[in-house]
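Please read the structure below before turning to the comments.
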Amino acid sequence: MLLLIFKIFTPVLGLLFQEQSQGRMALVWEKAQHPDLSKFLIIGALLFIIGVAGVLTRRNIIVIFMSIELILNAANLNFIAMSRYLQETGNMNAVAGQIFAVFVIVVAAAEAAIGLGIVIALYRNKETIWVDEIDILKW
Amino acid sequence: MYRYIWLVPLLPLAGAAINGLLGRKLRFSERLIGGIAVGSIALAFLITLASVYSYAFGSGAIWPNVYVTSQDGASYSWIPGGAVRFTQGGSARSMVAVQESAREEWAKRLAEMTPEERLRGGTISVLRGHNEEERASVLDVEWSYQLDALSSIFMLVVTGVGLCIFVFATGYMHGDPGFYRFFAYMGLFMFSMLVLVMGSNFLMMFVGWEGVGLCSYLLIGYYFDRPEAANASRKAFITNRVGDFGFALAIFGVIATFGTTQYTDVFGQAANFPLEPLGNWGILSWIALGLFVGACGKSAQLPLHVWLPDAMAGPTPVSALIHAATMVTAGLYMLTRTNVIFQHSQTMMTVVAVVGAATALFAATIGITQNDIKKVLAYSTVSQLGFMFMACGVGAFAIGIFHVMTHAFFKALMFLGAGSVIHGMHHEQDMRRMGGLRKYMPYTYLTFLAGWLAICGIIPFSGFWSKDEILWSAASTRYVPVGWIVWIVGTIAATCTAFYMTRLMAMTFWGKERFLDNQHDHAPGHEVHGADHETPTHHVHIPHESPPSMWVPLAVLAVLATIGGFVGISPAFTGGHHVGGRMNIVNFLDPIIWNPTTRFFGTHEVVDSFGRRPELVERHATTSVLTTEPVHAEPPPPYGHEGFNLAHTVESVVHKHWLTEVVFIIISLLVAGLGMALGWLFYVKKPGLPDIWAARLRPLYQASYNKYWVDEFFGWAVTRRTMDAARAVFAFDSKVIDGAVNGSAGLTRLASRVTGFTDRYFVDGLVNAIAAFVMRLMSPLFRAAQTGFTQNYALVMVLGLVLAVILFFGADITTAFKAMFATWF
Amino acid sequence: MVLSGWEAVFFWVFSIAAIFAGLLTVMARNTIHSALFLISSLVSVAALFILLHAEFIAGVQILVYVGGVMVLFLFVIMLVNVGEEERGQEEIFNRSRQVTTSVIFCGLLVAGLIYALNVGYEGIQKRDAATIAQTGAERRAADQNLAASATGASKITKGTEWVGNGLYRFGSLPFEVASVLLLVAIIGSVMLARTLKQEAAVDDVAPDVLEKEAIKDPELAEVPATE
């Protein structure tokens, strides 16, 4: 396992410290100084994946809800970044992205309210918040 | 000062809002609630007084011009024109063309007028000319208040009489658990009524109209725990719906015809329409018909009068304020406001006069036999409203409004007096259990006396001046051919009025103290008992005088009922013309009343009822309503044809104009005296007579006692028919429609049975065989997938996502990874 | 929309903060810690919104999420029992098969998405470069005309005004529908979160269920059927 990690990270370390990659490193440094749309989208994608991983791996249903909030936030970040980019290109409907974000937030709030209500009802009936103990779907 | 009239409706609304919203919290102090209510009305009254003074009498007076609040630029577009443009579509364009031509014609006529004429006849129409361009295109309704002669009189009556009644109500409603609710409704009513009379367009009038209807409903049903009050409130509401339907149709007609609802614009345009003599049904006649149906509903005219007597189930101050002094006169207000439209249609004038006269007589005869003190007053109100309609119908709109005013004084007085009696008698309303109250309630008696003399029409009291003028106008009218019939009916109704009012006085205040002998069969009171009247000694009901908060308003109203008539003193006493300049109500109302003969606004004095021009002129510079031109020829009657004119005939006998009127005054005084004498004879001198005559005129007595069975007739003709129709529709529904549905259902069942048979034995057999095979084979696989564990299912979703990415970029990603590792290793 | 200077610095600071806080949210043992890390992640994302000139959304994000939703989370955490987890007696992750599969899938997804974004963005950039250069100049010129703020250090932008305009002019129907959604959510959560006793008080429980429960909890039987 450690070997695998080392093998994946070596190219990255080499990227930073090897003499022969001077030109490439300068390019990366240049790009890092001027983050553009793709960086925002990548951040959004990372948040999304973190959220997905949380949903899939955690047992605590409240943390799963929090992960869902993370996913929604990643979507919002995408919306806003795209909206900004479209503003740059002079698209008149660019503001729609921000409006979508508002609605996403509304839906997230409604979802949180209902979801947590369900959590409480569930906890009251089954005395548990572990998802793997809630398996009455398999009847 | 008159620029502040917008405050007048807002103050009662504020009071009502405070009482209605915070009333439950303020319940600890009736003083506070009453103070808020009375204070808001008093302030509104003071502002009204100051506004009317500065509008009509002060140094900067603009009477006879109209003041609309939007004139100052601060107009609030209630229904903005742009919003309607979408719905109006193409028809708006054609309407503009029509208005365009009408406006050009009017402009041409204006150019031909002398400056003086322009001021007199054209003021109302040219007032808003500066922004007519935008307004004419689409319907644009603004929320603005209008101050002119008519609305100022109504504002004064509504706030002034309302103030007296509010003060009275603080005493009358003392101890009632719904004290704050009562005053919230009353304040809301005042607001609606003021919007009704102050609005500057038909839609605002309609808003106020419905508002007072709602408040009337709420207040009639104030004691909602009593079924008769609840029923009465519903009855009032539903009966008023009939009238409101007509009113709404008329408003649609006005919008379709004139393209606007603003009074000044509508009447300016309507004045140019051709007259429609008897039997011609032009558009204005139809509009007038709709308006009249509305007025009938609100003002309880035949045949929509049935709700008003039942409305007496509400508290007595409500009866005084809403069902005597103000709301029921809204119909009169509307008639007078739209007098241009009505005067264009001789047919509708005749209808108004005839309906008014019929109502006056009809209600007066019913009033003779009623025993409930409030019922008598209710029928008296219906009858007096008939008199007012009669005045409007014969073209004497100003006199009708004059009677509205005096009637507000004396009828409010009598209702409040009745309320005081009921209060003093511990909620006893049956006059047969009263009598001799003069001794016990001296203030109430004295004030009631003034009201009695006023309504009977005894000479210096207010009722005399207005009622006499109405009868005189009917006799001398040149507007309708049936003036003499109206006069005869009105005179008989006046006799009846004097009779039943004397009867009421005699049974209540004079004679034997009947409440002393009838203690034991005392029926439960008609009004619920206030908390402070729950006396343990229920049988000892010695009447007591009411507190000052009740008799002081009575005294104020008594003074008004006594001297209030002098603002419209009869021309017969003052040399044949209305003296006093604009202090005289007839002159004051002049500018809003259209004259079909001259086709100008406000030229009442230019042509009198005989078509002659009077000698009198007022030489005051600003009162240019009156002309200084010398008298020339007799103009023709307005509609070209004039039937039998009673006054004209009498004058041809006595040869003097003023003497003719004196003759009619003497007749009306005589019939009043006759009625009073008969009443005195029947109920004081020989108390046995009523029973004898009731037996002798049994059918008539029964008819009157049962109110001519109008309620029963409506019950049979309307309610029962509606039920029958509903039953018929239900029968159709259950037999025909349900039958069809059931029949088709039966067919379907038959068909399905056949299909079911095939299905069960042929198709199912095949399917089952295959299914059994597949199940054996596949079920372990699928069962393993169904873990019942949510996150497993979510994992499958993510798997789909990964597959999607691989589908799009899989090849690229593998090459990229290959390239990367190839570079570094 | 290429950031530079301090904006770039802030971008890296906040994006790294967002990702780390997100990771910690998922990995924290204590649920309260999870919630607090989620808050920091959300705040960081809000900061990214500000970098993207979406000040209004940033404000909404902080107010609604941090102020509203997260408080709700914290309350619910307090209502349910999380003691065992905190004491380290319970495994916080699923059985290992599920976790391994999930992590592999997520890794694949990350790699694929990042690659796709990098590749795809180049194409977009090529397509839009000319437009951006042109409109960018116009925008800078227009920005010169904006009113200066009170301190004079910055300009008052129109971004929020546009959002408001767009929201009410083109999004008014969804806006109203969203309000209905929120109303339904409120009512729904209130109805869901009632105790059996509260339900019994308004006569909202099937009689047989009530009877069964009343054996366990005698107080239930005494609740009046209607209030």
Given R₀ = 60 Å, what would the calculated FRET efficiency be for residue B:644 paired with residue A:92, taking r from the Cβ atoms and rounding to 0.05? 0.15
Set Lys and Arg Cβ to +1 and Asp and Glu Cβ to -1, take the dipole of the stretch C:109-198 about its Cα centre, and tell me which of C:195, C:149, C:159 lies farthest positive. C:195
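Where nothing but the Cβ of Lys and Arg (+1) and of Asp and Glu (-1) is charged, how large is the charge dipole of the protein assembly as shown around its Cα centre, in debye to the nearest 20?
740 debye
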For B:733, C:208, B:590, A:132, what ranking results if the residue with the fewest other Cβ atoms within 10 Å of its Cβ goes first? C:208, B:733, A:132, B:590
Reach of residue B:685 by Cα under 17 Å, taken over lysines that are not fewer than 8 positions away in the same chain: B:512
Short version: ³J(HN,Hα) in whole Hz for each residue of the stretch A:49-56, in order, from phi by Karplus 6.51 cos²θ - 1.76 cosθ + 1.60 (θ = phi - 60°), x for Gly and Pro, what are they? 5, 4, x, 4, 4, x, 4, 7
Fully extended contour minus Cα-Cα distance, from residue B:59 to residue B:252, at 0.36 nm per residue: 65.4 nm
How high is the FRET efficiency between residue B:799 and residue B:747 when r is their beta carbon distance and R₀ equals 41 Å, given to the nearest 0.05? 0.20
Exposure proxy ranking, count of Cβ atoms within 10 Å, fewest first, for B:405, B:501: B:405, B:501
Amide H contacts under 5 Å for residue C:155, placed H, 5+ residues apart: C:149
Taking B:705, B:639, B:761 and counting other beta carbon atoms within 10 angstrom, the fewest-first order is B:761, B:705, B:639
The Cα extents of the stretch C:98-145 along the principal axes, largest first and rounded to whole Å, are 57, 23, 7
Which Cα, out of B:231, B:322, C:105, lies furthest along the positive dipole direction of the protein assembly as shown (beta carbon charges, K/R +1, D/E -1)? B:231
Karplus-derived 3J(HN,Hα) from phi for the stretch B:249-257 (6.51 cos²θ - 1.76 cosθ + 1.60, θ = phi - 60°), whole Hz, x at Gly and Pro, runs 4, 4, 5, 4, x, 4, 5, 5, 7
What number, in nm² with one decimal, is the all-direction average of the projected area of the convex hull of the alpha-carbon atoms of the stretch C:1-83? 5.5 nm²
The set of residues whose placed amide H lies less than 5 Å from the amide H of residue B:199, leaving out same-chain residues fewer than 5 positions away, is B:146
Whole-Hz ³J(HN,Hα) for each residue in the stretch A:116-124, computed from phi via Karplus 6.51 cos²θ - 1.76 cosθ + 1.60 with θ = phi - 60°, x for glycine and proline: what do you get? 5, x, 5, 4, 5, 4, 4, 4, 5
Amide H contacts under 5 Å for residue B:345, restricted to residues at least 5 apart in sequence or on another chain and with H modeled in the peptide plane, are B:276
Let me know the shape class of chain C, please: from the alpha-carbon gyration tensor, a ≥ b ≥ c as square roots of the eigenvalues, rounded when a/c is under 1.5, otherwise prolate if a/b is greater than b/c, or oblate. prolate
The Cα radius of gyration of the protein assembly as shown, divided by 2.2 N^0.38 Å with N its residue count, comes to 1.32
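Rule-of-thumb check for the stretch B:774-824: C-alpha Rg over 2.2 N^0.38 Å?
Ratio of Rg to 2.2 N^0.38 Å for the stretch B:774-824: 1.81.
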Run the helix sum for the protein assembly as shown: -39,500 (n - 2.57) per DSSP H stretch of 4+ residues, divided by residue count, reported at 222 nm to the nearest 500 deg cm²/dmol. -22000 deg cm²/dmol
Listed pairs B:411/B:707; A:126/C:216; B:439/B:467; B:439/B:686; B:375/B:467; A:31/C:126 exceeding 24 Å between Cα atoms: B:439/B:467
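Read-outs throughout are calculated quantities, based only on the coordinates presented, and are distinct from any laboratory measurement. Just so it is clear, the structure is predicted and the values come from calculations on it, not from any experiment. Glycine gets a Cβ as well: all are built from the backbone with ideal geometry, and neighbour counts include every protein chain shown.
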